[in-house]
Amino acid sequence: MSDWAIRSLPKPCAFIQWKGTDVCADYYCVCGESFHIDAMFVYAVECPHCHRVFEVSSMIELRELAKGEKWEGCEPRLGKI
């Protein structure tokens, strides 16, 4: 893993500690196409359209919900201090 994968992002953000578990994810390439991967140990991906290869970052962007906005999924998890 390069230092790019653990770089700082503007807050709010989150660090994922990859533990080799499986992932189900949709990826959106710079070529304009998208693709899906269900696999274990997804530390890098290759676009099936343009064949560019991308390292998967450990940092992800977070979006704050507006006051009163409801999350249409599971209940938000309360973080530990």
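The values are calculated or read from the model by the stated rules, or taken from the named source; none is laboratory data. From a predicted model like this one, the values you see are computed outputs, not experimental measurements. Please note: Cβ atoms are built from the backbone with ideal geometry, for glycine as well, and neighbour counts cover all protein chains shown.
Some points to look at:
- Taking (1) out of contact with any Lys or Arg (no Cβ under 9 Å at 6 or more places or on another chain); (2) surrounded by fewer than 11 Cβ atoms within 10 Å (Cβ to Cβ) in turn, Val42 satisfies each apart from (2).
- Among the residues of the stretch 27-81, the ones that are without any contact (Cβ under 8 Å) to a residue 12 or more places away in the chain, under 12 Å from the mean Cα position of the chain (by Cα) and in a loop (DSSP other than H, G, I, E, B) come to 0 in all.
- Count of the stretch 57-72 residues which are farther than 22 Å from Leu9 by Cβ and surrounded by 10 or more Cβ atoms within 10 Å (Cβ to Cβ): 0
- Index of the failed condition, Gly68 passing every other in (1) more than 22 Å from Ile6 (Cβ to Cβ); (2) touching a helix residue (DSSP H, G or I) at 6+ places or on another chain (Cβ under 9 Å): (2)
- Answer residue from the stretch 1-59, given it is within 29 Å of Gly79 (Cβ to Cβ) and of a type in the set (S, T, N, Q) and is modelled with the lowest pLDDT among those: Ser2
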